[in-house]
Amino acid sequence: MNTIQKVAIVTGAGQGLGLAIAQKLLSEGMNVAFVDVNERLLAEVQQSDLLTHFDSSKYMFLTVDVSDVLAIQASIHTIVESWGRVDVLVNNAGVRKETAIEDVTEEEWNLILSVNLGGTFFYSQAVLETMKKQQSGRIINISSFGGQAGPLSSGAHYCASKAGQLVLTKAFARSLADQGITVNAVAPAAIETPEMDNMDPTKLEKMQASIPVQRFGKAEEVADMVSYLASDAAGYITGSTFDINGGLLMR
Ligand code: ADP
């Protein structure tokens, strides 16, 4: 019996959570398209030793601005031409700004909303034709604690875009539930990033003490949840949001 070679697209895969998710899906045997607007980050990944264990036919790098609908459509076309299908879409690309409400310009509002929310909507819209033909697919939206609880440190516009992703998750899930396509979200908080090395240690200690499990999360822990939601085992889960936050938001 021929087993299907699964294909995943991860947006914002140049660094951080997106890179960890792309690596995880690749390590599970999927073909993975690394999508990012930042060509330099993608080139760094390509030249790093992260991919040395994998055959180069298993991955591709696509420079795409997820706020550009035509560029999104072109990327799906390239992926389907090369690999014939799309099984998993992870909408992770995002821009985070901590600008105070008084200082948010119309330009910054439009950037945040068009990348974080528009990118999620239009990438999901663009994979539907392929997933509907297959009658199978997994869409996973990387939202945030900020989209559930409002700003801790990030801006109001960022949090609004992340909250919007949670409603899109339900809207797409409802509309696609009878076609073998599931749509879920994860909402991480306080995940370790390289920028933390440059932060004030006292501030970091205070943040850590406020997390019930008393530590920051790891990108790999988010990738593990995404990998589960992308798997066959998760076929009965749709329209749900999974908190990955060390107990910060108990409801
Ligand atoms: P985190 O790891 O917390 O999700 P990062 O800022 O480290 O956040 O990663 C976000 C990724 O999304 C970066 O690699 C960035 O280049 C990418 N990104 C930002 N804007 C866009 C965009 N318009 N289109 C595609 N990718 C984007």
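Compute the long axis of helix 119-134 from its Cα atoms, compare it with the longest principal axis of the Cα atoms of the chain, and write down the angle in degrees, 0 to 90, nearest 10. With rounding to tens, the tilt is 30 degrees. For the range 7-244, with all protein chains present and a 1.4 Å probe, just round the carbon and sulfur fraction of the accessible area to a whole percent. Roughly 52 percent, rounded to a whole number. Here the dipole of the chain is about 860 debye; that uses its Cα centre as origin and unit charges on the Cβ of Lys and Arg (positive) and Asp and Glu (negative). Placing unit charges on the Cβ atoms of the charged side chains and taking the dipole of the chain about its Cα centre, the candidate lying farthest along the positive direction among 177, 93, 124 is 177.
Rg and Dmax of the range 180-232, both derived from C-alpha coordinates alone, stand at 14.5, 48 Å.
Put simply, when 114-121, 64-71 are sorted by average Cβ atoms within 10 angstrom per residue, most first, you get 114-121, 64-71.
Here is the P(r) of the chain: all C-alpha pair distances, binned every 5 Å from 0, give 1, 6, 14, 18, 20, 17, 12, 7, 3, 1, 0, 0, 0 in whole percents. Principal-axis analysis of the Cα atoms of the chain puts helix 16-27 at an angle of about 30° to the longest axis.
Electrostatic tally near residue 181: other residues with Cβ closer than 15 Å to its Cβ, Lys and Arg +1, Asp and Glu -1, net +3.
If R0 is taken as 45 Å, the Cβ-Cβ distance between residue 101 and residue 57 corresponds to a FRET efficiency of 0.40. Projecting the Cα positions of 214, 145, 225 onto the charge dipole of the range 7-244 (unit charges on Cβ atoms of Lys, Arg, Asp and Glu, taken about the Cα centre) puts 225 furthest along the positive direction. The residue 77 and residue 228 beta-carbon pair, evaluated with R₀ = 25 Å, returns a calculated FRET efficiency of approximately 0.30. Modelled spin-label separation between residue 3 and residue 209, with each label point placed 7 Å from Cα along the Cα-to-Cβ direction: 5.0 nm. Estimated from the Cβ-Cβ distance and a Förster radius of 45 angstrom, the FRET efficiency linking residue 44 and residue 171 is about 0.80. Helix 219-230 and the longest principal axis of the Cα set of the chain meet at an angle near 40°.
The values are calculated or read from the model by the stated rules, or taken from the named source; none is laboratory data. What you see is a predicted model, and the numbers here were worked out from it, not measured in a lab. Don't worry about glycine lacking a Cβ; one is built from the backbone with ideal geometry, like all the others, and counts go over all protein chains shown. Side chains included, ligands, DNA and RNA excluded: accessible areas come from the protein's heavy atoms. Shrake-Rupley method; radii C 1.70, N 1.55, O 1.52, S 1.80 Å.
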